[in-house]
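Shown next, in structure tokens, is the structure this report addresses.
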Amino acid sequence: MFALDGLLVREAFALTSDEGAGIVEQIDGVVELDNNLYLVEAKFYSANLGVGDVAQHMVRVSRRSGIRGLFVVHPGFSAAAIESVKDELHRSVFVLATIEELVRVFESDAPLTDWLRNKARHAAIDRDPHRLYAGREGGR
């Protein structure tokens, strides 16, 4: 989806241990926008994601200097998970989104670049990583 909108993308990949311990990290993807790299985590569960579900990805992001995090999930996030992400915004920008939100963005023909840029802006400035994107808002 991101490649269709001109964002630089790296598909899912795994990092392995040099000591032969096997896979040590699984990354669902990476997108780049405005010289910012976002590690992408995608989850499809039957219930909202909790604190433990988001913690592992926040650790992956925090271990990389200057990297941001993007969670794309179904069906959504628990209030506690959103609060735990807010608590980490002083370290890195994290964007929380649902598949349903992305579908609305596609249906509106709004560019994903605008969507991600505005979500990241609200996370960084307003400490609101989960603010729903309402179309073309706030200039660039």
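The values are calculated or read from the model by the stated rules, or taken from the named source; none is laboratory data. Being a predicted model, the structure only gives us computed values, none of them experimental. All Cβ positions, glycine included, derive from the backbone under ideal geometry; neighbour counts span all protein chains shown. Protein only, heavy atoms only, side chains kept; ligands, DNA and RNA dropped before computing areas. Shrake-Rupley method; radii C 1.70, N 1.55, O 1.52, S 1.80 Å.
Quick check: the angle from helix 112-126's long axis to the longest principal axis of the chain, C-alpha only, nearest 10 degrees?
Once rounded, the angle reads 80 degrees.
Find, among the chymotrypsin sites (Phe, Trp or Tyr not before Pro) in the range 1-65, those assigned to loop by DSSP (not H, G, I, E, B) with at most 12 other beta-carbon atoms within 10 angstrom.
For chymotrypsin sites (Phe, Trp or Tyr not before Pro) across the range 1-65 that sit outside H, G, I, E and B with at most 12 neighbouring Cβ atoms in 10 Å, the list reads TYR45.
DSSP loop (so not H, G, I, E, B), at most 16 other Cβ within 10 Å: list which trypsin sites (Lys or Arg not before Pro) in the range 79-117 pass both filters. Don't skip to the answer; put the middle values down first.
Details: sites: LYS86, ARG91, ARG104, ARG117; in loops: ARG91.
Within the range 79-117, the qualifying trypsin sites (Lys or Arg not before Pro) (loop, at most 16 other Cβ atoms within 10 Å) are ARG91.
On a 0 to 90 degree scale, rounded to 10, what angle separates helix 79-88 from the longest Cα axis of the chain?
Orientation of helix 79-88: about 80 degrees from the principal axis.
Would you work out the charge dipole size for the range 59-140 about its Cα centre, treating the Cβ of every Lys and Arg as +1 and the Cβ of every Asp and Glu as -1, and quote it to the nearest 20 debye?
With only Lys, Arg, Asp and Glu charged at Cβ, the dipole is about 460 debye.
What does the charge dipole of the range 1-69 about its Cα centre add up to, to the nearest 20 debye, if the Cβ of each Lys and Arg holds +1 and the Cβ of each Asp and Glu holds -1?
180 debye
Of all GluC sites (Glu not before Pro) in the range 1-62, which ones are in loop regions per DSSP and have a Cβ with at most 16 other Cβ atoms within 10 Å?
GLU11, GLU19
Once the cut-off is 23 Å, how many percent of the Cα-Cα pairs in the chain end up in the long-distance tail?
When every Cα pair of the chain is considered, 31 percent fall beyond 23 Å.
So, R0 is 25 Å and r is the distance between the beta-carbons of GLU83 and ASP126; what FRET efficiency does that work out to, to 0.05?
The formula returns an efficiency of 0.95 here.
Taking all protein chains as present, what is the carbon and sulfur share of the accessible area of the range 1-104, in % to the nearest whole number, probe 1.4 Å?
Values: 2820 of 5520 Å².
Using a 1.4 Å probe with all protein chains present, the range 1-104 comes out at 51 percent carbon and sulfur.
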